[in-house]
Amino acid sequence: SRRRALNDTLKEQIMLIMEENKFPQLIRHMLRDAAVDGDGCIHLYYDAQAENGDGYLGKVACEVINNTDIYFGNPYDPDVNRQPYIIIASRRDTESVIQEMGKNAIDAKSISEVFSDDAFEKESGFYAKRCTVLTKYYRQNGRIWFTKVIKGAVVKKPICMELKNYPVCYMNWERTKGSYHGVGVVEGLIPNQIAINKMAAMAQQFIRQQAFPRVFYNRNKIKNWTGGIKPVAVAGDPNDIVYTDRHNQSMSAQVSEYIDKFINNTKDLMGASDAALGNVTPNNTSAIIAVQKATAVPLELIRQEYYRFTEDYVRVCIDMMSCYYGKRMMTICEEGRYYEEEIDFSIFDSNRMSLNIDIGAASYWSEITASTTLDNLFKSGLIDPVSYLEGIPQNSVPNKSKLIEEAKRRKEEEEDAARYAKQ
């Protein structure tokens, strides 16, 4: 029960980190970058000046990094933790960089020399408005060190972070052999989109030229063509053919059919079927689930890569909490009883504990299924009321902890009454 209580506390802290950093929104941006550029990256860092949701100073923060702003020491290996070093480039305001250096880090003359050429734009002052900052992480003696530099100056001297893993989560949409950069889905769609655009452009040009009939008239008989019912004078017999209509030519139906077929085949190969997109009537739920699973096959490798990415994120969060959180008062739930206890987060060191992190999609209607199963077990008499209340989903029953305490009290009273009856 003690281990379970600590696991629940650790899980709550990880969920708090995700909530504070708006993890679902970051993941959407990261997956969009991976689909378009081929790579998705999140950089985690410890903000010692920020306050977390529990009221303590210091929290784990994260940000999305472009794949063009991160450089691996071994560009042939996509594994983050096998890299000799990782460099992250960022554009920052010069004022903030000087504040991070410290007031006495560099004097005015050296500031002018350092910042005068390292910017796209310059103000009227003696240094530039923005500068490029390089943050380098590297491994030494089994621990992660980091330093931060700009052109001609050091912002942060090398510091041991006490981490075992690089604070970087990285994934490829599709792996490329011999490179840490992947291939995005957009790169494979470009030839198909070019073909569709060309056919659509030619169809548009054909419609503009052929959709409306044109009139051809004899200039020897009529000087200018006049529309409406105004009489027109001609030289000679008016029964002679004066004009003729040229009706529109029909475009081949194969053009539109080929465009639709091209689009549908591209969507099917990507796994974007009507069932996966929700464009179906939910009459037969089992069939919809089966079709969704079948159409998800092209995305299965990407899904597994995303699960691995999320596992790395959780491991880095645990690593940072064990190194930086120290001792904090936490609410512990042990055997249905809640109490405050000071937890030393260094006990969550990965060298002292065995981590088993499983990330995956939740089953369909999992809470309803769990509740139904518990109901059947309770009706069959296989579990007691306490086990039933402990297993039911948290959001299904209000005041769940009080109900568990009441059920335990009644159970103890019944056991005492039975014991006295035997005596």
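Structure notes:
- Positive end of the dipole of the stretch 10-111 (Cβ unit charges, origin at the Cα centre): among Met30, Asn66, Asn81, the Cα lying farthest that way belongs to Asn66.
- Listed residue pairs exceeding 23 Å between alpha carbons, taken from Lys136/Lys164; Lys164/Lys327; Lys379/Lys408; Lys22/Lys148: Lys22/Lys148
- Burial ranking of peptide ranges 44-57, 305-318 (average Cβ count within 10 Å, highest at the top): 305-318, 44-57
- Each listed q (0.12, 0.24 Å⁻¹) maps to a log10 I(q)/I(0) for the stretch 1-107 from the Debye sum over equal C-alpha point scatterers, namely -0.63, -1.26.
- 10 Å-binned pair-distance histogram of the stretch 121-201 (Cα, whole percent): 13, 21, 22, 22, 15, 6, 0
- Sorted largest first, the principal axis extents computed over the alpha-carbon atoms of the stretch 4-49 equal 42, 28, 14 Å.
- Spin-label zone in the stretch 1-26 - amide nitrogen under 13 Å from a point set 7 Å from the Cα of Ile332 along the C-beta vector: 1-10
- Listed residues Trp173, Trp145, Trp225 arranged by accessible area, highest first, probe 1.4 Å: Trp225, Trp145, Trp173
- When the trypsin sites (Lys or Arg not before Pro) in the stretch 24-106 are filtered for DSSP coil states and for at most 15 other beta-carbon atoms within 10 Å of their beta-carbon, the remaining sites are Lys103.
The values are calculated or read from the model by the stated rules, or taken from the named source; none is laboratory data. Keep in mind that what you see is a predicted model, and the values were worked out from it rather than measured. Cβ coordinates were reconstructed from backbone atoms using ideal geometry, including for glycine residues, and neighbour counts include every protein chain displayed. What goes into the accessible areas is simple: the full protein's heavy atoms, side chains included, and nothing from ligands, DNA or RNA. Shrake-Rupley method; radii C 1.70, N 1.55, O 1.52, S 1.80 Å.
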